[in-house]
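Quick notes on the structure that follows.
The values are calculated or read from the model by the stated rules, or taken from the named source; none is laboratory data. All of these numbers come straight from a predicted model, not from anything done at the bench. Here the Cβ is made from the backbone with ideal geometry for all residues, glycine too, and neighbour counts use every protein chain on show. SASA here: full protein model, heavy atoms, side chains in, ligands and nucleic acids out. Shrake-Rupley method; radii C 1.70, N 1.55, O 1.52, S 1.80 Å.
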Amino acid sequence: MPFIAVAAIEWGTGRPWPGRPRPHGAPATVVLADAATLPRLLASALTAAGTTVLVPHTEPGITTDHDGVTVVTYEGDLTGDGNGEAGLHPDFYLHTRPYERPGHRPPLGPTLLRTDGDAGLEAYLADADQARGEGDFAALPTHPVVRLADHCALGATPDGDGPLLRLHVTSDGTVSTTPGGAPLGDLGSTPGELDRAWRAGRAPHAEVARRPWLGRYLAAVDAVRAARARGLDRVRVSGFGGRLNPALGEDATADSTDPTLPVLLRSDDRALVHDPRTGRAVALSTDAARAAEALLATGGADRAARHADPGTVAAVDAWFGATGIPLTPAPAPAPTGRTVPHRFEELAR
């Protein structure tokens, strides 16, 4: 994937990309609506070595260096709030479309879904409610090439988001984090001033605020999307529409709102644990999946042992803790020294 694709997706979603270097004290990515504002931006305090600036042009992917600031041209519409397409590289085009329900139109390529406006937010919340109540995740937001824009506005925690991650600059120099977002300042502002304005003005929509589980839902959407990218279908997520082990009961809710806890999925006879923080996935046997679900749902090994074999619960709890993917909020055991593959592992028992 071209580096500019990572910058654009990070800017659109408001989620830091793991491992991407950060500039010191300045935004990681700035998108300009008008190329005429580029000289003022480069002369401001809003760029530093390591910042990437996307600027409109008639030809995509022209890259220049300005004292460590990487300026890349894009062609088309990157800053609109409706249907659009932007070329950022000869091999990478990013589509933008409004969130709609049902999403019958298949994506043509990498796509950002925006929930701007009441209709988009209502469609997003309807899909989230359906997933939580019935276990059915909508096809479009879980498509492998689709990402939801502006996670923080959809119920995710603000960790990592804000003016030090991304900025949008209008043609008159007004600065916000997203197209159509609340103005935070202008090109004469400092990063600190923009960050304080963002934190002071950040308030979730009332319908989002009354669903404290939306962060967990977004983690589940990511997990289902990753599973679909591996070729799995008919994916079910523990805690959404019930449990894989119904005997756990409705009182097993330790993982119902925490977006950082791993997500347990099943597709036919396959079970996986997905780590929201890193994207790592671990394939589980049936017995190990039962133990992992009990740990996630109850929040502790003692309670989990009432719903799965105690020996398997202890082994699964220790293994995941030692590999840096704890299944409960308890502190993980010290690492065992075993080298663990990064993306996809097998846990037989």
Handout entry: Total residues in the range 172-192, condition surrounded by 15 or more Cβ atoms within 10 Å (Cβ to Cβ) and either closer than 21 Å to Pro39 by Cβ or modelled with pLDDT of 95 or more (or both)
Key = 12
Practice task
Specify which of the listed residues (Leu46, Leu108, Leu54, Leu41) is assigned to a helix (DSSP H, G or I) and either of a type outside the set (Ser, Thr, Tyr) or under 19 Å from Pro144 (Cα atoms) (or both).
Solution key: Leu41
Practice task
Examine the range 117-130 for a residue that is open to solvent by 20 Å² or more (accessible area, probe 1.4 Å) and touching a strand residue (DSSP E or B) at 6+ places or on another chain (Cβ under 9 Å), and state whether such a residue exists.
Solution key: yes
Practice task
Only residues that are more than 14 Å from Leu121 (Cα to Cα) and open to solvent by 20 Å² or more (accessible area, probe 1.4 Å): list them for the range 139-155, please.
Solution key: Ala139, His143, Pro144, Val145, Arg147
Exercise for the section: Sort through Leu165, Leu248 and tell me the only one that's over 25 Å from Ala8 (Cα atoms), open to solvent by less than 30 Å² (accessible area, probe 1.4 Å) and touching a residue at least 12 places away in the same chain (Cβ under 8 Å). Expected result: Leu248
Exercise for the section: Six or more apart or on different chains, Cβ under 7 Å: which pairs go from a residue in the range 291-303 that's over 16 Å from Ser256 (Cα atoms) to one that's open to solvent by less than 10 Å² (accessible area, probe 1.4 Å)? Could you list them? Expected result: Ala291/Ala304; Ala291/Val313; Ala291/Val316; Ala301/Leu295; Ala301/Val313
Handout entry: Filtered residues of the range 301-327 (kept if basic (Lys, Arg) and part of a helix (DSSP H, G or I))
Key = Arg303
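Being more than 21 Å from the chain's Cα centre (by Cα) and either surrounded by 23 or more Cβ atoms within 10 Å (Cβ to Cβ) or within 30 Å of Thr170 (Cβ to Cβ) (or both) narrows it down to one of Arg234, Arg196, so name that one. Steps first, answer last, please.
On the way: Arg234 fails: either surrounded by 23 or more Cβ atoms within 10 Å (Cβ to Cβ) or within 30 Å of Thr170 (Cβ to Cβ) (or both).
Only one candidate qualifies: Arg196.
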Practice task
Could you check, for the range 85-95, whether at least one of its residues is open to solvent by 20 Å² or more (accessible area, probe 1.4 Å), closer than 30 Å to Glu193 by Cβ and outside any strand (DSSP E or B)?
Solution key: no
Completion exercise
Ala229 vs (1) closer than 19 Å to Asp161 by Cα; (2) surrounded by fewer than 16 Cβ atoms within 10 Å (Cβ to Cβ); (3) under 17 Å from the mean Cα position of the chain (by Cα): all pass except (1)
Exercise for the section: Answer yes or no as to whether Leu244 is aliphatic (A, V, I, L, M), in contact with a strand residue (DSSP E or B) (Cβ under 9 Å, 6 or more places away or on another chain), farther than 23 Å from Asp136 by Cα and at pLDDT below 95. Expected result: no
Exercise for the section: Looking only at the range 115-122, decide whether some residue is of a type in the set (Ser, Thr, Tyr), modelled with pLDDT of 95 or more and more than 11 Å from the chain's Cα centre (by Cα). Expected result: no
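Let me confirm something: among Ala206, Ala182, which residue is touching a Phe, Trp or Tyr at 6+ places or on another chain (Cβ under 9 Å) and either hydrophobic (A, V, I, L, M, F, W, C) or over 19 Å from Ala48 (Cα atoms) (or both)?
One residue alone meets the criteria, Ala182.
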Practice task
Would you mind stating whether Ser171 is farther than 29 Å from Phe92 by Cβ and in contact (Cβ under 8 Å) with a residue 12 or more places away in the chain?
Solution key: no
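To keep it simple, each residue is scored yes or no on (1) closer than 17 Å to Thr170 by Cα; (2) open to solvent by 50 Å² or more (accessible area, probe 1.4 Å).
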site: Asp34; (1), (2): yes, yes
site: Val53; (1), (2): yes, no
site: Pro56; (1), (2): yes, no
site: Pro60; (1), (2): no, no
site: Thr64; (1), (2): no, yes
site: Gly68; (1), (2): no, no
site: Glu75; (1), (2): yes, yes
site: Leu78; (1), (2): yes, no
